[in-house]
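The values are calculated or read from the model by the stated rules, or taken from the named source; none is laboratory data. Quick caveat, the model's predicted, so the values are computed rather than measured. In this analysis, Cβ positions are derived from the backbone assuming ideal geometry, glycine residues included, and neighbour counts consider all displayed protein chains.
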Amino acid sequence: MKRFLFSLMFFLLLILIWAGCTGELAFLGLSESLWSPFVLPSPGVVAQYLWDNTLNGKIPMSMLITLRRLLIGYAIGLVLGVPLGMLSARFRSVSDTLGVLALGLQALPSVCWVPLACIWFGQTEAALLFVVIMGTLWSVLLSTQNGMRSVPPIYARAARTMGAGPLHTLVFVTLPASAPFVVSGMKQGWAFAWRSLMAAEIYVSVVSGFGIGQYLHYGRELQRMYQVIGIMFIIILVGLLADKILFSPAEAWLHRRWGTDKE
């Protein structure tokens, strides 16, 4: 409870500083704004934008469209990345080829895939999904590879001593033991996928539905800074909720399950 109150006070302080810089604290004698509203809108204006566009359904609808794209691309990235990571951990030849390629491509900013996606797939949903998959695949592959290599070899030797075959050992011993590290990679892959999709939606205009990233782009084009900042808050909120609700609890449980937590 103390940690929550401390965090709450910290963020309230940031909002008060923001409001003071934009002239919203007139009752405290801080009526002068340090910046033009076109450069830095006040918290009240941003909150009003979010409230109005939530009530009229624009933000919820765009969130559904964006999350659908994200979940599909992320799921495909996981389905491809985990088996490839297992192969890279198991076979040296795969590690020296595909593993090195993944290491190089992971360092490539996600926005670099957008021009290729537009040329290959046009202004379509496929272009957006391609960018999300590329943002997810390589980090998941590398985390799976590193996680499986971090499993103590004695686990596999004990399983083989009890008669387990190579495939059984891989699927039921090595992979579960590396699950905490794989989940950490899945969390990292989710973050990469989320950022990739935002970059893709800014540059790829799909008539089948406007996502959150496209509203961010239109806010910049129309010089609506309150819209830009409001959408940025939504992007941050989704990232925090995904981490706190999905990945962090699963990661902590797996670390406790396998005795790898640091507490």
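Some notes on this structure:
Condition check ((1) at pLDDT 85 or above; (2) surrounded by fewer than 14 Cβ atoms within 10 Å (Cβ to Cβ); (3) closer than 30 Å to Thr144 by Cα) across all residues:
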site: Arg3; (1), (2), (3): no, yes, no
site: Trp18; (1), (2), (3): no, no, no
site: Pro43; (1), (2), (3): yes, no, no
site: Trp51; (1), (2), (3): yes, yes, no
site: Leu78; (1), (2), (3): yes, no, yes
site: Leu84; (1), (2), (3): yes, no, yes
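- Filter result for Val131 (closer than 22 Å to Leu254 by Cβ, modelled with pLDDT of 80 or more and not in a loop (DSSP other than H, G, I, E, B)): no
- Filter result for Val140 (among the β-branched types (Val, Ile, Thr), in the same structural domain as Arg92 (by TED's automatic domain parsing) and part of a helix (DSSP H, G or I)): yes
- Restricting attention to segment 76-91, the residues that are free of Cβ contacts under 8 Å to residues at least 24 places away in the same chain, among the hydrophobic types (A, V, I, L, M, F, W, C) and touching a helix residue (DSSP H, G or I) at 6+ places or on another chain (Cβ under 9 Å) add up to 1.
- Residues in segment 113-125 that are surrounded by 13 or more Cβ atoms within 10 Å (Cβ to Cβ) and assigned to a helix (DSSP H, G or I): Trp113, Val114, Leu116, Ala117, Cys118, Phe121, Glu125.
- Residue in segment 103-118 that is in contact with a helix residue (DSSP H, G or I) (Cβ under 6 Å, 6 or more places away or on another chain) and within 30 Å of His168 (Cα to Cα) present: no
- Test: residue in segment 221-228 that is among the basic types (Lys, Arg) and either crowded, with 21+ Cβ neighbours inside 10 Å or closer than 22 Å to Val114 by Cβ (or both): no
- In segment 126-147, the qualifying residues are those that are surrounded by 23 or more Cβ atoms within 10 Å (Cβ to Cβ) and over 19 Å from the mean Cα position of the chain (by Cα), and the one that is farthest from Val173 (Cα to Cα) is Gln145.
- Residues of segment 84-112 satisfying the condition of being under 20 Å from the mean Cα position of the chain (by Cα) and part of a helix (DSSP H, G or I): Gly85, Ala102, Leu103, Gly104, Leu105, Gln106, Ser110, Val111, Cys112
- Residue in segment 95-112 that is more than 24 Å from Ser184 (Cα to Cα), loosely packed, with under 14 Cβ neighbours inside 10 Å and not polar (S, T, N, Q) present: yes
- Condition check for Val173: touching a residue at least 40 places away in the same chain (Cβ under 8 Å), surrounded by fewer than 23 Cβ atoms within 10 Å (Cβ to Cβ), under 30 Å from Arg256 (Cβ atoms) and not basic (Lys, Arg): no
Here is a yes/no grid of residues against (1) modelled with pLDDT under 75; (2) out of contact with any helix residue (DSSP H, G or I) (no Cβ under 9 Å at 6 or more places or on another chain); (3) closer than 19 Å to Trp113 by Cβ:
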| position | (1), (2), (3) |
| --- | --- |
| Val151 | no, no, no |
| Ile154 | no, yes, no |
| Val173 | no, no, no |
| Pro180 | no, no, no |
| Gln188 | no, no, yes |
| Ala191 | no, no, yes |
| Ile202 | no, no, yes |
